[in-house]
1. Given the conditions (1) over 19 Å from Q278 (Cβ atoms); (2) out of contact with any strand residue (DSSP E or B) (no Cβ under 7 Å at 6 or more places or on another chain); (3) not basic (K, R), and given that V63 satisfies all but one, which numbered condition is not satisfied?
2. How many of the residues making up region 228-267 are closer than 21 Å to I306 by Cβ and among the polar types (S, T, N, Q)?
3. In the set I253, I319, I233, I263, which member is under 24 Å from the mean Cα position of the chain (by Cα), more than 18 Å from R121 (Cβ to Cβ) and touching a residue at least 60 places away in the same chain (Cβ under 8 Å)?
4. Would you mind listing the strands (runs of 3 or more DSSP E) fully within region 232-336 where at least 3 residues are outside the structural domain of E40 (by TED's automatic domain parsing) and either modelled with pLDDT of 95 or more or touching a helix residue (DSSP H, G or I) at 6+ places or on another chain (Cβ under 9 Å) (or both)?
5. Checking the structure you have, find out if any residue of region 1-11 is buried (at least 19 other Cβ atoms within 10 Å of the Cβ) and either among the hydroxyl-bearing types (S, T, Y) or touching a Pro at 6+ places or on another chain (Cβ under 9 Å) (or both).
6. Scan region 324-344 residue by residue and report those that are among the small types (G, A, S) and either at positive phi or in contact (Cβ under 8 Å) with a residue 24 or more places away in the chain (or both).
7. Could you tell me whether S150 is hydroxyl-bearing (S, T, Y), in the same structural domain as L312 (by TED's automatic domain parsing) and modelled with pLDDT of 95 or more?
8. How about region 134-148: which of its residues are surrounded by fewer than 24 Cβ atoms within 10 Å (Cβ to Cβ) and in contact with a strand residue (DSSP E or B) (Cβ under 9 Å, 6 or more places away or on another chain)?
Amino acid sequence: MPPLPSELAYVPFVSVANMMGLVHHIGIEQVLCDLADAIEADFKRWELFDKTPRVASHSDVGVIELMPTSDGEMYGFKYVNGHPKNTKEGLQTVTAFGLLADVDTGYPKLLSEMTLLTALRTAATSAMAARHLAPKGARTMAMIGNGAQSEFQCLAFKAICGIDTVRLFDIDQAATARCAANLAGRGLNVVQCQTSQSAMEGAEIITTCTADKQNATILTDNMVGSGVHINAIGGDCPGKTELHRDILLRSDIVVEYPAQTRIEGEIQQLDDDHPVTQLWQVIAGSAKGRSDEKQITLFDSVGFAIEDFSALRYVLNAIQGTSYSTQLDMIADPDDPRDLFGMFERANS
């Protein structure tokens, strides 16, 4: 009879089904608010974290990345891909999973899907940054690019920033129609627009989120007036941008981690010494965010490992006392830690 696993052998696993159940149980807008607060809290202790640009393996059709970090007590990483061509093949552009571990023992504490969780934390980070950067009283957002991230962004800006109107545009009108249908009945005034220019009419916040792996110009300089906040989340790897360079030169640019964003973000178009502000400094009050009503603020967001760490820690806490996880027998835990082979042999008896 093979030995039964000990308690230490088990690691909670949050599947896609359990993640969806957990979010519905709590409520998606509440989860977005909770994630924004968790990420902001970790950005306030930014200096405690290990920080490194993500480890990326690029190909002609996409990228596969590992995103690690640690606060000295817990270690976390995310595996994530970005393959824009997948949509045409009926596949997700982005898939992900992540793990949290105890630094003291190295034992995993959580394994989780992160395709849904990344969509949630990306939207939460965008809206959290906008709390510090967007014009006060902003109520209208243009959503340029209506793919898999768009509904999460709209709901996050509603729940966290008070947006009540979203103006949607995508070159694929079916994507816009789908996004509008998904947002129906959620307390937003949803306007489907025929051009990106019309989507931006009256918008104080502009979110760009397209997926092509190329240097594109989704916004040109003449389209952007003074006093707006741009939430640029589509540029996230070398050779993939959305904004005309002249917009960047007119904007006060805020980034997560410059060493990563200069490679992957909109600012890859600029000189390496072009001044940018780090989001954690704005949150901590050591740097200015929005300082006047005519200022153009730009959050050049590419996603950073600390955001995933925050999201995983939130999920680990949220599943306690619920049925929204499965115990996986992941860790070999022999009675005598020096007798791993003996445990292996007894499994054959």
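1. Among (1) over 19 Å from Q278 (Cβ atoms); (2) out of contact with any strand residue (DSSP E or B) (no Cβ under 7 Å at 6 or more places or on another chain); (3) not basic (K, R), the lone unmet condition for V63 is (2).
2. Number satisfying all stated conditions: 3.
3. On the way: I253 fails: touching a residue at least 60 places away in the same chain (Cβ under 8 Å); I319 fails: more than 18 Å from R121 (Cβ to Cβ); I233 fails: more than 18 Å from R121 (Cβ to Cβ).
Within the list I253, I319, I233, I263, the selection yields I263.
4. Numbers: elements: 241-243, 252-255, 297-300, 326-329.
Strands (runs of 3 or more DSSP E) meeting the threshold: 241-243, 252-255, 297-300.
5. Going through region 1-11, the residues buried (at least 19 other Cβ atoms within 10 Å of the Cβ) turn out to be 11.
So of that shortlist, the ones also either among the hydroxyl-bearing types (S, T, Y) or touching a Pro at 6+ places or on another chain (Cβ under 9 Å) (or both) come out as 11.
Yes.
6. Of everything in region 324-344, those that are among the small types (G, A, S) and either at positive phi or in contact (Cβ under 8 Å) with a residue 24 or more places away in the chain (or both) turn out to be S325, A332.
7. Working: hydroxyl-bearing (S, T, Y): yes; in the same structural domain as L312 (by TED's automatic domain parsing): no; modelled with pLDDT of 95 or more: yes.
No: the conditions fail for S150.
8. Kept after step one, since they are surrounded by fewer than 24 Cβ atoms within 10 Å (Cβ to Cβ), are these residues of region 134-148: 135-140, 147-148.
Hits for region 134-148 are P135, A138, R139, T140.
The values are calculated or read from the model by the stated rules, or taken from the named source; none is laboratory data. Quick caveat, the model's predicted, so the values are computed rather than measured. Cβ: placed from backbone, ideal geometry, glycine included. Neighbour counts: every protein chain shown.
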